[in-house]
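Everything on this sheet refers to the single structure shown next.
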Number of protein chains: 2
Amino acid sequence: MFTLAEENYLKIIFHLEHESQGEVSTNAIAERMETKPSSVTDMVQKLAEKKMLVYKRYKGTQLTETGRKVAADVIRKHRLWEVFLVEKLKFHWDEVHEIAEQLEHIQSEELIIRLDKYLGSPQFDPHGDPIPDKNGVLKRTEKKLLSALEKNQSGVCVGVKESEPEFLQYLDKKKISIGTKIKVLGKEFFDGSMIILVGNDQFFISHKIAENLYIQT
Amino acid sequence: MFTLAEENYLKIIFHLEHESQGEVSTNAIAERMETKPSSVTDMVQKLAEKKMLVYKRYKGTQLTETGRKVAADVIRKHRLWEVFLVEKLKFHWDEVHEIAEQLEHIQSEELIIRLDKYLGSPQFDPHGDPIPDKNGVLKRTEKKLLSALEKNQSGVCVGVKESEPEFLQYLDKKKISIGTKIKVLGKEFFDGSMIILVGNDQFFISHKIAENLYIQT
DNA sequence: TATTATTTTTAGGCTATTCTAAAAATAAAA
DNA sequence: TTTTATTTTTAGAATAGCCTAAAAATAATA
């Protein structure tokens, strides 16, 4: 149906539309695709012919409803595969992007239906980003940094911001992973450090760590 | 490292070499690849330059050691993914080929190491074909049809020959799948029918069914 | 507003892979 | 062995996707 290149363009344009309203500029696409603007013009014209987006010379592009659906579908696949890689194959959160970048292009509706079920229809990927549903609907992300929570608030860990190996190892040690419930028992205004409850353990974490964990409330 | 097309050619040539000794002809490759002989000549020359095979004009080609290794690796990936699709995602044995055909090209050594471990390092794919090991060594297949077993012999089900949905449903009902141990309790010379033991159940099967199940002894 | 800078597009090429048609080599048949 | 048939290769062209360089449109500045 769509080539690998086409899918990648649609995906990138979808992301860019979410990052800033209105038309997406040729240069913005080129930069994100790590390609030249002239190549973007070519592809964008091709996708416009396929009615995946509306393209106005010198004005930028905007996905059509269909285009948005196709893009969301690629993103859905990407994020589901990331969950698979982390949850089942025990990859770390920062090792999965490249592989998912390839897996997202595997064509089989049935595969994704089954993969989704197998993973328990997850709502978020390992980076805390929401997974579009079968219809391409992307839940508005409400994730915040743990550091933004107040005393006695709680939420579920949905991802990490930066994922250096040391940090991920720390999380492993503290038994924090995606889906883990975290409650803030205390917060020090002075340095932003916190006391949190994870399972039955409570412990101290620095502001730096609280700034690196995404929470869904 | 290798393009999708290159990997497919190497894989096909690998299979053809196993089917008949000696050089593989251009036409044979073309037929299996569902492409034109002239296209094959082009690609084969390219792969020869890359030292993946030895090509002699009008004489055919033969994989080099390296070429064989690369091909076996693609086949290993294909078959591991087939196991995943059947064992984990509960696809039927006859639905997985097309999808595995895509998955076999995902590039990541680590992925395959982990997938293999996750699946318990299976030796056979859902069709009973052996899975090459990490070093590209393909165990000589010793699978036979269940109908070839004698009374009191037993083995493990490693695949099916033809896989119509009705047959697969029959196997489901009888709780026979890959890895299932089967023992022949009795065999009727007259019509080839058998009484077999599967788990704690013993039941009658026709010759037709015994001819359709591959067994590893 | 005129000029300069930036962005975007067009024109023309390059590479990988495929194809068709014609030529060359090999194999089979008379 | 000569002729015919088959196989294989070469030559030339198409397509997708990318590139560079130059032209055109738009935006920013004087």
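FYI, it's all coordinate maths here, none of it is from the lab. Nothing here was measured: the structure is a model prediction, and the numbers come from that model. Ideal geometry is used to build each Cβ from the backbone, glycine not excepted, and the neighbour counts take in all protein chains shown.
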| note | Relative contact order of chain A (C-alpha contacts under 8 Å, at least 6 apart) in percent is 15
| query | Most exposed first by the Cβ proxy, i.e. fewest other Cβ within 10 Å, how do A:38, A:193 rank? | reply | A:38, A:193
| query | Could you give, in nm with one decimal, how far residue B:101 is from each other copy of that position, shortest first, with labels 7 Å out from Cα toward Cβ? | reply | 2.7
| Along Cα→Cβ at 7 Å, what distances in nm separate the residue A:201 label point from those on the other copies, shortest first? | 4.6
| message | If you average the alpha carbon positions of region B:1-43 and of region B:54-79, how far apart do those two centres end up, in angstrom? | response | 9
| request: Filter the DSSP H helices in chain A by two things, a Kyte-Doolittle mean of at least -1.0 and an axial alpha-carbon span of 20 angstrom or more, and list the hits by number. | output: A:4-19, A:65-83
| According to a simple spin-label model (label point 7 Å from Cα along Cα-to-Cβ), what is the distance in nm between residue B:164 and residue A:27? | 6.5
| request: For region B:196-201, just list the computed ³J(HN,Hα) in residue order, Karplus coefficients 6.51, -1.76 and 1.60, θ = phi - 60°, integers in Hz, with x standing in for Gly and Pro. | output: 10, 10, 10, x, 9, 9
| remark: With T = 25 °C, eta = 0.890 mPa s and Kirkwood Rh from C-alpha pairs, the Stokes-Einstein D of chain B in µm²/s is about 130
| Got the residue B:177 label distances to the other copies yet, label 7 Å along Cα→Cβ, in nm, shortest first? | 2.3
| In terms of the Cα gyration tensor, with a ≥ b ≥ c the square roots of its eigenvalues, is region A:1-91 rounded because a/c is under 1.5, prolate because a/b exceeds b/c, or oblate? | prolate
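Rounded if a/c is under 1.5, else prolate if a/b is larger than b/c, else oblate: which is region A:1-46, with a ≥ b ≥ c the root eigenvalues of its Cα gyration tensor?
oblate
Would you mind ranking B:57, B:79 so that the residue whose beta carbon has the fewest other beta carbons within 10 Å leads the list?
Going from least to most buried by this count: B:57, B:79.
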| Label residue A:5 and residue A:139 with points 7 Å out from Cα along Cα→Cβ: what is the distance between them in nm? | 3.7
| query | Got a sec? Charge dipole of chain B, +1 on Cβ for Lys and Arg, -1 for Asp and Glu; which of B:33, B:148, B:136 is way out at the positive end? | reply | B:136
| query | According to the Cα gyration tensor, what semi-axes, each the square root of 5 times an eigenvalue, does the equivalent ellipsoid of region A:149-207 have, listed from largest to smallest in whole Å? | reply | 18, 14, 11
| note | With a 22 Å threshold on alpha-carbon distance, the violating pairs from A:161/A:181; A:144/A:187; B:90/B:139; A:36/A:56; B:46/B:77; A:46/A:139 are B:90/B:139; B:46/B:77; A:46/A:139
| query | Considering amide H positions built from the backbone, and no H for Pro or chain starts, which residues 5 or more places from residue A:215, or on another chain, come under 5 Å of its amide H? | reply | A:144, A:145, A:146, A:158
| note | Fewest-first ordering of A:103, B:16 by Cβ atoms within 10 Å yields B:16, A:103
| request: Using a 10 Å cut-off on Cβ to Cβ distances, tally the other chain neighbours for every residue of B:108-118 and report the average as a whole number. | output: 3
| message | Need one word for the protein assembly as shown: rounded, prolate or oblate. Basis is the Cα gyration tensor (sqrt eigenvalues a ≥ b ≥ c); a/c below 1.5 gives rounded, then a/b vs b/c decides. | response | oblate
| message | Please give the charge dipole size of chain B, origin at the Cα centre, charges +1 on K and R Cβ atoms and -1 on D and E Cβ atoms. Round to the nearest 20 debye. | response | 620
